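Before any comments, here is the structure.
The values are calculated or read from the model by the stated rules, or taken from the named source; none is laboratory data. None of these values were measured; they are calculated from a predicted model. Ideal geometry is used to build each Cβ from the backbone, glycine not excepted, and the neighbour counts take in all protein chains shown. Heavy atoms of the whole protein, side chains included, go into the accessibility calculation; ligands, DNA and RNA do not. Shrake-Rupley method; radii C 1.70, N 1.55, O 1.52, S 1.80 Å.
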Amino acid sequence: MLSRFACFVALALSLTGCAPFLNLANSAYEFCPTSTDSSHQSFGSPDADDLVIFIHGLCGDAKTTWTNPTTHFKFPEELARDFGKENKPVYVIAFDYVTQLHGGPSILSIADHLEFEISELLKKHPYRTLRIVAHSMGGLIAREYILRHQPHAHPQLKVTNLVLLGSPSNGSELAELGRFISDNRQIEELRHIDKGNSYIESLNKDWNRAFKGGGHFRHVLLHAAYEEVGMPAIGRVVKLSSAISFADESMGFQLDHVSISKPKERTVLYRWVKAKLQESLEKTARQLLSGMVQQGLLAEADVLQRLPRTLELLQGLQDVAGTELEQVLAHVKAGQFQEALALLAKSEEKEGQLLETIAQRRHTQGQIYELQLEKDQAAYYYSQAVQLAPMNSLYHLSYGRLLLDTSGPENAVHHFETAVHLSRKGHDSCLEKAALDSLGEASLDLLQYSKALESFERSLEISRKIGDVRGVSGGIGNLGVVNSHLGQYTKAFEYLEQSLADSRRFGDMSGEGRTMGNLGKIYQDLGEYAKAIDFSEQALVISRKLENAESEASDLGSLGSIHKDLGQYTKAIEFHNQALRVYRKIRNLKGEGRVLINMGHAYARFGQYDKAVESHEQALALHRKIGYARGECYGLIGLGSAYSGLERYSDAIESYERALVLCRSIGDIRNEGITLQNLGRIYGELAQYTKTIDFLDQALTIHRKVGDLRSEGATIQNLGTAYHYLNQYHKAIQHYENALTIYRKFRNMSSERIALGNLGSAYHNIGEYAKAIEFHERALMISQKIEDLQSEGTALQNLGADYVAIGQYAKAIELCERALMINRKTRNKSGEGHTLTTLGSAYSDLGRYDTAIDYLDQALAVSRESKDVRGEGDALRSLGSIYVHIGQGDKAIEYLNQARVIDRRIGNMWGEARSIGRLSSAHAQLGQDTTATDFLAQALVISRQIGDLRGEGDALGNLGSVYADLGQHGKAVEFLKAAEVIFEDRLRIPFPWKAKSELLTNKPERSP
């Protein structure tokens, strides 16, 4: 039985004569032999990281399609050999599938087969990149795989280059003739798109949306070779327009459709294919930047920093490939920026009446100016594009990205929101995803966490819908970051750990490093510093391995911040200096300013306030230079804090007030709240607590309005401190407990430790020592758990003071000696002074006055050296008390009056009550009984006013003792009984005047 092809040939012969159709038959047979015997062919190194796959076309096979019949030159084999010689090893596979004139699977089925074979390869070796060479119908198979299979099946494998050899991207008109020859499904799918080919129409539409719509999530360089010689009788199998559709670059060869895949040797075709397989946008970007360095337009140190954005801009410019602007793209890739701009201007003159065309040129001009780092010019052209074509989402996105980089998120948000709306309206999922990611980034920077969360969730949904697996991994990581800011740490860890696993599975080292850095930041927030350091160091290793200077600087800054929190200021400053050097090398002024601010905070914590001022002033100048208003706010806030440390309070207030005006002028409500919070703190330093509370209340309102729970907790804590210093201890306790609730919600152990310590101190001041010890012990446990040595010293000193108060002096001394060692190790002068004072008090109560005076003299010197006024007052008060005990009343009065002056100056009513009480004892020693009782009456009033139960008990006991010495037994017993109730019933500690009280009970009162 004759085949349909034989019947067709016989019919043709009978109708028109044999000669022409014998040629047609021979050509058809050469193009499509009746049988092939082949299988997958492999060449090169199976252990290479890069994979190259050759895909033959209709009626071809993995061997004969690529082998020249005359020279036996095997295209894939020779390519593998050449790459190996150049020390660029690849594993080359010539993929084979069933194809013949009669029957055979569809293109979709062949793409499934290709997916399966690649999966099998990936089981044996984790290939990173894939480059494809495809002949004829093989180009459709390749595009089908890249578009609809690779993203979800092999996300770890990045397709970088696709070289098409005579591939009918729009179909072939010859397939119409083939339909008469065979009912082959493959021939049906090769029909020209103009003939109603729904398969190619669908493929091209989806390809166009994914790769040419702007904002695409991946990019493949597509190069097309086309035949310039027709086959006998048949002519050109694939017309030029079909062969070069979607190509970034194309080239014609004096070869026919069959020979275009069979170079005789290392011909022009072979060298062209090899060169195109080695091309990349990164390579082009590096060449452009190197050219700019040679022209003096860019410093060599800036290349790495500019590379990511240059690459992004080139990807955007790829959208003009295949349009009338393709020549502009060619000029840009060659580094001929002025020629590109001139061509745009010239073509605009011809089409000036078309607004959309002008807008496209404006946008392209903006991209080119941005490539040249002329950001003002770029902003001008982007804004023109937006004005001319306000409904173009890509133009809004480009303009917003530039504004985000130059002037901060406030100005960029509108354009991102517009881009989201327009891209959704135009059903452009890829561009909508890009806009949502940018909107999420800007919202996160503005601390608008709910908005950021919504944006990233919608972006993640799109990534899943379009099969962008890397986008899914990155989106999950973004959700983790937002949840960490919201204090939802369980969710944050779940998201980030999933993102980390995905990044490792896909071989995405950049994503892995980014996720590790984010995990480090969360562990820092939680006070788990060992883990924070571990993850940040791993992130740093990856950044350096990838030569990503931007990430390296960020990771170094994170390590500096962690060591600052640990009180390891020398290490912190060392890391910040490393980060600073990297940012300066890559000329990232914004990053440099950020590091200078962090370094200023480290210097301030180290007590080196002059250096802190210098760092913040440098940051301020940088941010003004680049017009970064929010950075200027940060600089002014940091400068205010440094001035505060130097006790230059008027300068500090001026800096904060300037920051407040600036924040309000740019609508930066979050920094407005932080500035108000700092103003409240500075007035607290000046003991103007009414002002403190007013500013803190304003700050609290803002923090709650913007949902900044962290700052809310810190402000409530500061309010507690203000009420503490106002001696309103019960109000202070209420605020500390509220702050503690917030910190526990965030699992912020470092801040939780501060709140616990403050609660302990408040309970100490009202004489509830059991509660004070409980809170201080919990603060100590956290300090040790998070390895915060300085805080551990503070907690030990506080516990020492508690044990002094209840008379357990041996334990108090042991705790304080540990604290003293830590304070000296961490150079915490203020802590050292307070610990020396507590040790002096312990030895004084033990009657070892010489030792006590020695410790207190040291405490006084250290407090004055560190300008710790409150600590100085405590040391003076304790020294005065000792001189009372050893009978040196005049000296005692001298020290106690100095302490009282300080107490009044800083509003320390708790300290003032104690200073007055001890002055009473000194005057009593000198026989000045009336003065003594007057002082005790004042101390009693103050203690009751501030709710200081222990102070009240001491004042009552001392009054009873003085009246007893005066022989006024009735008054003495009355005061002593009242004191005894406080000590034994309410404070539940031994009553110091018990013996005297019992002795006086039945003793007759002496006449005055």
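A convex hull fitted to the Cα coordinates of segment 468-521 yields 55 cubic angstrom per residue. Taken over the chain, the alpha-carbon convex hull comes to 178 cubic angstrom per residue.
For helix 4-16, report the angle its Cα long axis makes with the longest principal axis of the Cα atoms of the chain; keep it between 0 and 90° and round to the nearest 10°. Relative to the chain, helix 4-16 is tipped by roughly 40 degrees.
Modelled this way, with points 7 Å down the Cα-to-C-beta line, the labels at Glu461 and Glu657 are 5.0 nm from one another.
Could you tell me what % of all Cα pairs in segment 621-673 have separations over 14 Å?
Numbers: 675 of 1378 pairs.
That fraction is 49 percent.
Label-to-label distance for His421 and Ser119 is 4.4 nm, based on points extended 7 Å past Cα in the beta-carbon direction.
For segment 836-916, what is the Kirkwood hydrodynamic radius in Å, using each pair of distinct C-alpha atoms? Each step should come with its number before you reach the end.
Values: mean 1/r = 0.0823 Å⁻¹.
About 12.1 Å, per the Kirkwood formula over Cα pairs.
Sorting 540-547, 814-821 by their mean Cβ neighbour count within 10 Å, with the most densely packed peptide first, gives 814-821, 540-547. For segment 792-832, the alpha-carbon radius of gyration amounts to 1.08 times the rule-of-thumb value 2.2 N^0.38 Å expected for a compact globular protein. With the gyration tensor restricted to C-alpha atoms of segment 62-203, the semi-axes of the equivalent ellipsoid amount to 28, 19, 13 Å, longest first.
Using the C-alpha gyration tensor of segment 900-1008, what are the square roots of 5 times its eigenvalues, in whole angstrom, with the largest one first?
Details: eigenvalues 113, 63, 16 Å².
Computed over segment 900-1008, the values are 24, 18, 9 Å.
Taking N as the number of residues in segment 578-712, what is its Cα Rg relative to 2.2 N^0.38 Å? Don't skip to the end; give the middle numbers.
On the way: Rg = 14.8 Å, N = 135, 2.2 N^0.38 = 14.2 Å.
For segment 578-712, the normalised Cα radius of gyration is 1.04.
In sequence order, segment 941-949 has phi-based couplings of 4, 5, 4, 5, 5, 9, x, 8, 5 Hz under the Karplus curve 6.51 cos²θ - 1.76 cosθ + 1.60, θ = phi - 60°, and Gly or Pro positions carry x.
May I ask you to give the solvent-accessible area per residue for the chain, in square angstrom, as obtained with a 1.4 angstrom probe? Don't jump to the answer; show the numbers that get you there.
Numbers: 41910 Å² over 1008 residues.
In whole numbers, the chain has 42 Å² accessible per residue.
Work out the length of the dipole vector of the chain about its Cα centre, built from +1 on the beta-carbon of each Lys and Arg and -1 on the beta-carbon of each Asp and Glu, and round it to the nearest 20 debye.
Numbers: 113 positive and 125 negative charges, 33 e Å.
Dipole size: approximately 160 debye.
Rounded to the nearest 0.05, the FRET efficiency derived from the C-beta distance between Asp112 and Arg744 at R0 = 60 Å is 0.65.
Computed across segment 538-640, the Kirkwood hydrodynamic radius from all distinct Cα-Cα pairs reaches 13.4 Å. Summarising the amide proton neighbourhood of Gly252: residues at separation of 5 or more, or on other chains, whose placed amide H is nearer than 5 Å comprise Tyr226.
On a 0 to 90 degree scale, rounded to 10, what angle separates helix 449-466 from the longest Cα axis of the chain? Helix 449-466 sits roughly 20 degrees off the main axis of the chain.
How far, in degrees from 0 to 90, does helix 75-85 lean away from the longest principal axis of the Cα atoms of the chain, to the nearest 10? Long axis of 75-85 versus the principal axis of the chain: about 40 degrees. Positive end of the dipole of the chain (Cβ unit charges, origin at the Cα centre): among Val541, His223, Gly638, the Cα lying farthest that way belongs to Val541. Amide H to amide H distances under 5 Å link Val159 with Leu130, where only residues 5 or more positions off or on other chains count and H is placed in the peptide plane. Close amide-amide hydrogen proximity is noted between Ser172 and Arg191, His192, each under 5 Å apart and 5 or more residues distant or on a separate chain (H modeled in the peptide plane; Pro and chain starts excluded). Each peptide in 654-664, 69-79, 237-247, 472-482 gets a packing score, the mean of other Cβ atoms within 10 Å over its residues, and the list from highest to lowest is 472-482, 237-247, 654-664, 69-79. A simple rule links phi to the HN-Hα coupling: the Karplus curve 6.51 cos²θ - 1.76 cosθ + 1.60 with θ = phi - 60°, which for segment 385-390 gives 4, 5, 5, 6, 10, x Hz, with x for Gly and Pro. On full extension, the segment bounded by Glu86 and Glu984 gains 314.3 nm, given 0.36 nm per residue less the C-alpha separation.
One equal scatterer on each Cα of segment 730-780, no solvent, Debye formula: the resulting log10 I(q)/I(0) at q = 0.15, 0.16, 0.18, 0.22 Å⁻¹ is -0.34, -0.38, -0.48, -0.69.
Assuming 0.36 nm per residue, please report the length gained on full extension of the stretch Lys705 to Glu374 beyond their Cα-Cα distance. Before the final figure, lay out the partial values.
On the way: separation 331, 0.36 × 331 = 119.16 nm, distance 3.86 nm.
Answer, rounded to one decimal: 115.3 nm.
The simple spin-label model puts a point 7 Å past each Cα toward its Cβ; for Val293 and Arg271 those points are separated by 2.8 nm. Hey, any idea what % of the chain's accessible area is carbon plus sulfur with a 1.4 Å probe? Carbon with sulfur: 50 percent of the solvent-accessible area.
Per-residue ellipticity at 222 nm for the chain, helices alone: DSSP H runs ≥ 4 residues times -39500 (n - 2.57), over residue total, nearest 500 deg cm²/dmol? Computed ellipticity for the chain at 222 nm equals -23000 deg cm²/dmol.
Determine the equivalent ellipsoid of segment 361-433 by diagonalising the alpha-carbon gyration tensor, then write out the semi-axes as square roots of 5 times the eigenvalues, largest first, rounded to whole Å.
On the way: eigenvalues 78, 36, 19 Å².
Values for segment 361-433, descending: 20, 13, 10 Å.
Which of Lys88/Lys239; Lys625/Lys867; Lys521/Lys745; Lys276/Lys585; Lys571/Lys811 have a Cα-Cα distance over 26 Å? Show your work: numbers first, answer last.
Values: Lys88/Lys239 35 Å; Lys625/Lys867 36 Å; Lys521/Lys745 17 Å; Lys276/Lys585 33 Å; Lys571/Lys811 34 Å.
Long pairs (Cα-Cα over 26 Å): Lys88/Lys239; Lys625/Lys867; Lys276/Lys585; Lys571/Lys811.
Please work out the FRET efficiency for the pair Arg664 and Leu355, using the Cβ-Cβ distance as r and a Förster radius of 22 Å; give the result to the nearest 0.05. So the FRET efficiency works out to roughly 0.05. At q = 0.12, 0.15, 0.23 Å⁻¹ the log10 of I(q)/I(0) for segment 767-846 amounts to -0.29, -0.45, -1.00, computed by Debye summation with a single uniform scatterer per C-alpha, solvent ignored.
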